[in-house]
Amino acid sequence: MNETVLDYLIKALVLFTAVPVHECAHAWTAEKMGDDTGRQQGRITLNPFAHLTLWGSLMMILVGFGWGKPVSVDPRNFKNPKKGMVLTSLAGPASNFIMAFLAMIVYKVLGILSIVKDNTTMQMVAMVFLYITLINISLAVFNFLPIPPLDGSKIFNAVLPEKWYFTIMRYENIIFIALIILLYSGLLDAPLSFLQGKVIDIMDFLTRWVDYIMISVAGISV
């Protein structure tokens, strides 16, 4: 299969899994904090069509960064509005980190087994899980940027004085357009790659036990 086609197919796979989990996590956490707006709008579901948007999906397929339909949240329903907004905003990227962690475990297991069994198909499946790991990390890191309307901005804005917060929100659409331009221009590639690399290193360290177990079970000498 052509590598470009495979690349698009894997991005589509991640789009239909990572984005729904991300948005569902927002809605689920908001409900646990006291706001059931997401449930009323049918957002506590893993059905991708409840969460995907045209432009966010296209960006995901084309450049590897995308977004879903924002989950509506009413902070007035939270017992502690600032805490509720921070935890609700954190839930999305956290879900991607968890998916990346699980995908890396599968990647390492299949990767070592493919070497032991000399199985090309297993090796290809392992690479798919590696790609899923990398894109989920990319999504999480991207969403942590303190730029409206990304999740990081909601976390950052929770500690800002209200005057500053409303000033920033007034220009949210302009800031978002500027963010898209920066993504397309490649000016964010270096800082994003640096942050993603650090997260990958942490993920690799946290899953090092998989390497030790698989190498021991497979009887591979290192």
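Residue pairs whose Cβ atoms lie under 9 Å apart, separated by 6 or more positions or on different chains, with the first residue in segment 170-191 and free of Cβ contacts under 8 Å to residues at least 40 places away in the same chain and within 16 Å of Leu139 (Cα to Cα) and the second assigned to a helix (DSSP H, G or I) and open to solvent by less than 100 Å² (accessible area, probe 1.4 Å), are Leu188/Phe142; Leu188/Leu179; Leu188/Leu182; Asp189/Leu183. Considering Gly92, Gly38, Gly66, the condition of being touching a helix residue (DSSP H, G or I) at 6+ places or on another chain (Cβ under 6 Å), open to solvent by less than 20 Å² (accessible area, probe 1.4 Å) and free of Cβ contacts under 8 Å to residues at least 40 places away in the same chain is satisfied by Gly38 alone.
Every residue, every condition in (1) of a type in the set (Lys, Arg); (2) surrounded by fewer than 21 Cβ atoms within 10 Å (Cβ to Cβ); (3) over 27 Å from Leu206 (Cα atoms), yes or no:
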position: Val19; (1), (2), (3): no, no, no
position: His22; (1), (2), (3): no, no, no
position: Gly42; (1), (2), (3): no, yes, yes
position: Thr45; (1), (2), (3): no, yes, yes
position: Ile61; (1), (2), (3): no, yes, yes
position: Ile98; (1), (2), (3): no, yes, no
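In this entry, Leu113 passes the filter for residues that are in contact with a helix residue (DSSP H, G or I) (Cβ under 8 Å, 6 or more places away or on another chain), surrounded by 13 or more Cβ atoms within 10 Å (Cβ to Cβ) and farther than 22 Å from Ala27 by Cβ. Out of curiosity, is Lys198 open to solvent by 30 Å² or more (accessible area, probe 1.4 Å), over 23 Å from Ile112 (Cβ atoms) and at pLDDT below 85? No; evaluated as a whole, the condition is false for this residue.
Of the residues making up segment 47-59, those that are surrounded by fewer than 19 Cβ atoms within 10 Å (Cβ to Cβ) and either part of a helix (DSSP H, G or I) or in contact (Cβ under 8 Å) with a residue 60 or more places away in the chain (or both) are Pro48, Phe49, Ala50, Leu54, Trp55, Gly56, Leu58, Met59. If you check Phe142 against the conditions, is it in contact (Cβ under 8 Å) with a residue 24 or more places away in the chain, open to solvent by 40 Å² or more (accessible area, probe 1.4 Å) and of a type outside the set (Ser, Thr, Tyr)? So Phe142 fails the test. Going by the conditions given, is Val71 crowded, with 17+ Cβ neighbours inside 10 Å, part of a loop (DSSP other than H, G, I, E, B) and modelled with pLDDT of 90 or more? Criteria met by Val71. For segment 199-208, the criterion of a residue being at positive phi and over 19 Å from the mean Cα position of the chain (by Cα) is satisfied by no position. None of Leu187, Leu206, Leu192, Leu130 is loosely packed, with under 14 Cβ neighbours inside 10 Å and modelled with pLDDT of 90 or more except Leu206. Residue count for segment 7-43, restricted to those that are aromatic (Phe, Trp, Tyr), part of a helix (DSSP H, G or I) and within 17 Å of Lys69 (Cα to Cα): 1.
The values are calculated or read from the model by the stated rules, or taken from the named source; none is laboratory data. What you see is a predicted model, and the numbers here were worked out from it, not measured in a lab. Neighbour counts are summed over all protein chains in view; Cβ atoms, including those assigned to glycine, are modelled from backbone coordinates with ideal geometry. SASA here: full protein model, heavy atoms, side chains in, ligands and nucleic acids out. Shrake-Rupley method; radii C 1.70, N 1.55, O 1.52, S 1.80 Å.
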